[in-house]
Amino acid sequence: MTGGEELSAAGRGAVWWHRLRALICVLVGLYLVAPLVIVLIISFSSAPFLSFPPPGLSLQWYDNLFGNPVWLRSLITSIEILVPTSILATLLGTAAAYGLARSRLPAAAAIQGFLMAPVVVPVIITAAGIFGFFRHIGLNGTLPGLILAHTVLTVPYVVATVGAALSVVDARLEDAARTLGASPLVCFRRITLPLILPAVLSGLLFAMVTSFDELIVSLFISTPRVRPVTVQMWSNIRGDVDPTIAAIATLLFGFSLLALLADHLARRRSAGGAR
Amino acid sequence: MSRSPSPGSTRNRGAMAEGILEIEGLRKQYGPVVAVDGVDLSLKTGEFVTFLGPSGSGKTTTLQIIAGLQSASAGHIRLNGQAIDPLPPHQRNIGVVFQHYALFPHMSIARNIAFPLEMRRVPAAEIRRRVEEALALVGLEGYGQRHPRQLSGGQQQRVALARALVFRPPLLLMDEPLGALDKQLREQMQLEISRLHRELGASIVYVTHDQEEALVMSDRIAVFNHGRIEQIGASEELYERPRSRFVAGFLGESNFFEGRVEALQGELCRIASPAGPLLARRNGDLAVGDPTVVAVRPERLCLLDGSAAGGGGEPENRLEGRVQEVVYLGLSRKYLLRLADGQEVVVRQQAQDAERSGLGPGDLVRLGWRAANANALEVAAGSDEADGKETGQ
Amino acid sequence: MQGSLKPGGYGLLVLPACALLLVFFAYPVFWLLLRSISEPHWGFANFQVLYERSIYLKVLLNTVVISLLVTLCCAVIGYPLAYTMAHGGPRVRRLLTFVVLVPFWTSILVRTFAWMVILQRQGLINDLLLWLGLTERPLALVYNRTGVLIGMTQILLPFMIFPLYSVMLRIDRSCSWAAATLGAPPLRNFLRIYLPLSLPGLMTGGTLVFIVSLGYFITPALLGGQRDIMIAQLIEQQISNFGNWGLAGALSLVLLAGTALCLALVRRFVGGQAPWGRR
């Protein structure tokens with residue numbers, strides 16, 4: 001009898017623990033996601049200030065956003081930066097990851113560490129350094145300057161993502177292709193690239209998102225003439241806040257969601273194709 | 001850049017005397033580590049040679065150098081009389097079957113097999129025909145549209161084989177291709193590979209560490225040890241006439257008796273050993289006074305219980321020992337004996353004989369063997385010490 | 001064309017990326033750090049200022065305390081979530097992964113802005129508390145340390161969850177089962193078996209959160225008050241407001257040294273593997 005009671009006590013404990021954990025997960029999930037959802041809802045508010053729940057729905061803040069040439073200009077600037085940045089970062093990062101994975105460089109670990117450094121070094125330091133450097137060589141407030149700086153910040157993600165994918169691709173597949181008559185270039189195009197393509201796309205997407213969201217470096221090196229959307233948002237947040245900011249925030253959030261979705265699709269395709 | 005196999009096949013017959021593959025003084029060194037230490041080999045057209053040896057003996061490295069996947073530190077390789085050392089792997093036209101198949105996971109079976117043909121710019125219609133042929137050859141008709149992960153290990157193995165054969169390479173290299181399969185499937189595939197070898201007349205270099213596999217399939221076996229070929233020859237020759245203690249111990253099981261040559265008697269020689277005087281076949285360059293080791297297979301030893309039924313000839317060597325252990329093996333029984341001088345000896349007896357004798361632990365028995373079945377081997381200075389400890393008392 | 005035979009061929013592919021980082025990352029950072037001893041004139045005057053002026057020391061202390069608190073909050077909140085992610089059913093796992101990934105991919109600025117809206121005096125939280133009658137006057141939840149902690153914990157939580165999750169996935173559950181059959185009651189079982197096995201993930205995640213916190217700028221700048229300034233804000237101020245590159249360089253050197261020290265420590269404990277995966 002006592003044994004059975006003990007057992008059921010333990011069982012009851014397990015059930016309670018299980019429920020508690022479920023509750024914690026729901027709360028943490030809300031903590032993570034709810035703020036974003038609230039901003040999204042406020043951006044459609046009909047009220048003239050940030051209030052929640054909104055008294056009614058309207059698109060006035062989006063009208064405001066797209067009607068304002070300053071906001072529009074900064075959005076275009078952001079896109080002008082992120083497109084070349086993500087392409088450049090993907091090319092450089094993929095090449096570097098492939099080089100690291102397939103060559104037997106004596107200092108491979110050190111080089112890998114160096115390529116990852118922009119993620120490890122606090123961005124504020126990188127930003128201040130680049131600002132000082134660009135002031136000297138006249139790249140401050142220029143599109144090329146912003147593109148180069150953003151590429152520096154995004155290359156590590158591509159190197160890491162593609163490198164991880166390459167470490168899973170069996171090097172013997174390339175050996176096999178070579179013995180079957182494929183030259184190194186053909187081998188990369190026909191065998192390696194298709195196998196790591198999801199990771200390359202993932203790196204590209206992440207580079208895009210990172211560039212689009214980047215604030216700190218841009219804050220230092222942009223000028224009112226060339227000003228990405230995050231910097232514009234930053235200068236507005238610190239002044240009087242109206243729901244236009246919520247609208248632009250929602251736009252950024254939507255862009256991230258789209259990228260995340262695309263990344264998910266790319267990975268799922270690869271999971272279906274490769275394994 | 002012409003990679004068509006035709007010039008090779010016409011030259012084949014002309015170069016017959018030289019052999020299809022000639023390896024000369026091949027060496028591979030990684031820093032201070034010598035992986036391959038002077039390998040020479042000549043492969044005749046249509047021959048099946050197996051590289052047998054423990055892991056790290058240099059057999060796979062040698063194979064990879066032949067395929068061009070690694071560069072040699074020294075030495076030369078000729079295929080059909082043509083030096084291929086400077087050629088990158090994709091221009092060597094050698095078929096390779098890899099250890100874990102290395103099928104391209106993102107391509108269907110048919111695309112996998114078509115790959116080498118596409119690389120050689122074979123017209124699409126012919127590719128389709130030859131892929132079908134190759135699939136039929138390995139018994140996988142109708143599997144073309146599947147993907148590698150949908151196939152069992154054995155089927156993937158067949159695809160790898162078809163892919164390496166479809167472009168009709170003059171030489172096929174196989175690197176432990178059956179290592180990942182279970183025993184039953186492995187035996188089935190061994191027969192399959194032997195059949196393909198016979199039907200296609202392919203020249204094959206096969207790497208394995210499984211001695212049984214080597215015995216089943218090969219025309220000749222090259223036993224690798226420490227980056228060198230210890231001995232190369234037909235299966236029977238290697239088994240019955242090993243030239244070194246390593247070969248005798250690695251290929252099958254052997255009992256070893258260390259001693260010194262006392263006298264030469266034609267083919268035979270007399271040896272003084274701690275177990276007593278022994279008579280054995282002289283294998284190699286032995287002179288009176290040389291240290292030697294006598295190798296005898298456990299199945300060549302017979303237990304002489306009273307009236308020995310050994311009608312085929314009296315065993316010249318006789319010793320006495322006590323049974324330590326009897327291991328039941330189904331077809332046969334294995335006895336572990338301890339001789340008077342403390343050395344342990346393994347004897348294998350057919351099931352019927354074993355039942356008749358009914359020996360058990362503690363019994364004192366006499367054992368004997370024919371001198372013709374014992375090999376007195378040369379002992380290389382230095383190396384015998386280490387090997388002796390592995391197998392010895 | 002003999003690529004696979006000559007490592008140099010593939011090695012060359014590393015060059016463009018390395019060159020870019022050398023010119024536009026390594027050199028600028030070096031240049032900045034050099035300011036610490038070269039401006040306004042050569043010497044260690046800047047470090048002396050850092051050491052002697054109590055406000056600077058206070059900012060350093062502030063930075064470390066806030067980072068530690070954020071790390072602790074992330075560990076406490078992240079652990080049960082990661083556990084459920086690792087050992088829940090496939091649907092639970094997918095849902096939670098999504099819940100963690102969405103904010104992870106979303107701009108820090110957007111997330112910080114969201115907290116500004118929610119935590120303000122007339123914000124959602126205060127409305128809720130007033131309505132529930134838990135408080136009579138709205139609480140100051142933002143522009144102070146509370147706001148910084150709430151915002152930073154939410155933003156850095158994924159850095160804790162992902163390493164934890166990947167370690168927990170690899171934990172062999174039969175260890176816990178074995179411990180149970182050997183007589184370990186649930187809590188002891190957890191403390192003696194599961195927790196030690198998940199420790200590498202906790203260490204990696206913790207270090208990651210801590211390191212990122214040390215150099216954090218956006219969130220404390222927007223959600224913190226004047227008394228909660230962190231080192232990154234100080235660097236920005238020195239450059240933008242005072243043009244004091246020497247002091248900014250010195251502060252950067254301190255921040256970088258602290259970061260490197262933490263990295264070195266975690267490598268000692270968790271072994272060579274880098275604690276960062278993706279952002």
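The values are calculated or read from the model by the stated rules, or taken from the named source; none is laboratory data. Every value quoted in this text rests on a predicted model; they were computed, and no experiment measured them. Here the Cβ positions follow ideal geometry from the backbone for every residue, glycine too, while neighbour counts run over all protein chains shown. Protein only, heavy atoms only, side chains kept; ligands, DNA and RNA dropped before computing areas. Shrake-Rupley method; radii C 1.70, N 1.55, O 1.52, S 1.80 Å.
Protection proxy ranking, highest mean first, for peptides B:25-36, C:181-192, A:201-212: A:201-212, B:25-36, C:181-192, where packing is the per-residue count of other beta-carbon atoms within 10 Å, averaged.
The phi torsions of region A:72-81, fed into the Karplus equation with coefficients 6.51, -1.76 and 1.60 and a -60° offset, translate into couplings of 4, 4, 5, 4, 5, 4, 4, 5, 4, 7 Hz, rounded to whole numbers, with Gly and Pro shown as x. Panel values: region C:45-277, Kirkwood radius from alpha carbon pairs, Stokes-Einstein at 37 °C and 0.692 mPa s, translational diffusion coefficient 166 µm²/s.
From the alpha carbon centroid of region A:124-153 to that of region B:94-148 is 52 Å.
Each peptide among C:149-160, B:74-85, C:240-251 gets the average number of other Cβ atoms lying within 10 Å of its residues, and from highest to lowest they stand as C:149-160, C:240-251, B:74-85. Local charge for B:Tyr328 was computed over the other residues whose Cβ lies under 13 Å away, with Lys and Arg +1 and Asp and Glu -1, and equals +1.
Residues whose amide H comes within less than 5 Å of that of C:Glu39, counting only those at least five positions distant or on another chain, are absent (H built at 1.01 Å from N in the peptide plane).
Put a plus charge on the Cβ of each Lys and Arg, a minus charge on the Cβ of each Asp and Glu, and nothing anywhere else: the dipole of the protein assembly as shown about its Cα centre is then about 2560 debye. Here the spin labels are modelled as points 7 Å beyond Cα on the Cα-Cβ line, and at C:Val92 and B:Lys44 they lie 6.9 nm apart.
Shielding by partners for peptide A:150-161, expressed as the average number of C-beta atoms from other protein chains within 10 Å of each residue's C-beta, is 3. The order of C:Leu34, B:Leu367 by accessible area, most exposed first and with a 1.4 Å probe, is C:Leu34, B:Leu367. The value of relative contact order for region A:69-274, using C-alpha pairs under 8 Å at least six residues apart, is 33 percent. For A:Thr223, the shell of other residues with beta-carbons less than 15 Å away shows a net charge of +3, using +1 for Lys and Arg and -1 for Asp and Glu.
Remark: region A:164-275 carries a charge dipole of roughly 420 debye about the Cα centre, counting +1 on each Lys and Arg Cβ and -1 on each Asp and Glu Cβ. Can you return the aspartates and glutamates within cross-link range of B:Lys44? Criterion is Cα-Cα under 17 Å, with same-chain partners fewer than 8 residues away left out. Qualifying aspartates and glutamates at Cα under 17 Å: B:Glu18, B:Glu22, B:Glu24, B:Glu199, B:Asp219. Distance between the 7 Å Cα→Cβ label points at C:Trp42 and B:Gln99: 5.8 nm. Spatial offset of region B:350-380 relative to region B:186-239 amounts to 29 Å, using the alpha carbon center of each. Projecting each Cα onto the charge dipole of region A:69-274 (Lys/Arg +1, Asp/Glu -1 at the beta carbon, about the Cα centre), which of A:Leu105, A:Val83, A:Val123 comes out farthest on the positive side? The listed residue farthest towards the positive side: A:Leu105.
Note on B:Ala74 and C:Leu12: with the Förster distance fixed at 25 Å, the Cβ-Cβ geometry gives a FRET efficiency of about 0.40. Counting helices only, and only those DSSP H runs with n ≥ 4, report the 222 nm mean residue ellipticity of chain C as the sum of -39,500 (n - 2.57) divided by its residues, in deg cm²/dmol to the nearest 500. Helix contribution divided over all residues of chain C: -23500 deg cm²/dmol. For B:Ala372, the shell of other residues with beta-carbons less than 13 Å away shows a net charge of +2, using +1 for Lys and Arg and -1 for Asp and Glu.
Between A:Trp71, A:Trp16, A:Trp61, the residue with the greatest mean-square fluctuation in the GNM of chain A (Cα pairs under 10 Å linked by springs) is A:Trp16.
Close amide H pairs (under 5 Å, H built 1.01 Å from N) link B:Glu230 with B:Val223, B:Phe224, B:Asn225, residues at least 5 positions away or on another chain.
Extending 7 Å from Cα along the Cβ direction at B:Ala180 and again at C:Ser54 yields two label points whose distance is 6.9 nm. The spacing between region C:63-95 and region C:137-181, judged by their C-alpha centroids, is 2 Å.
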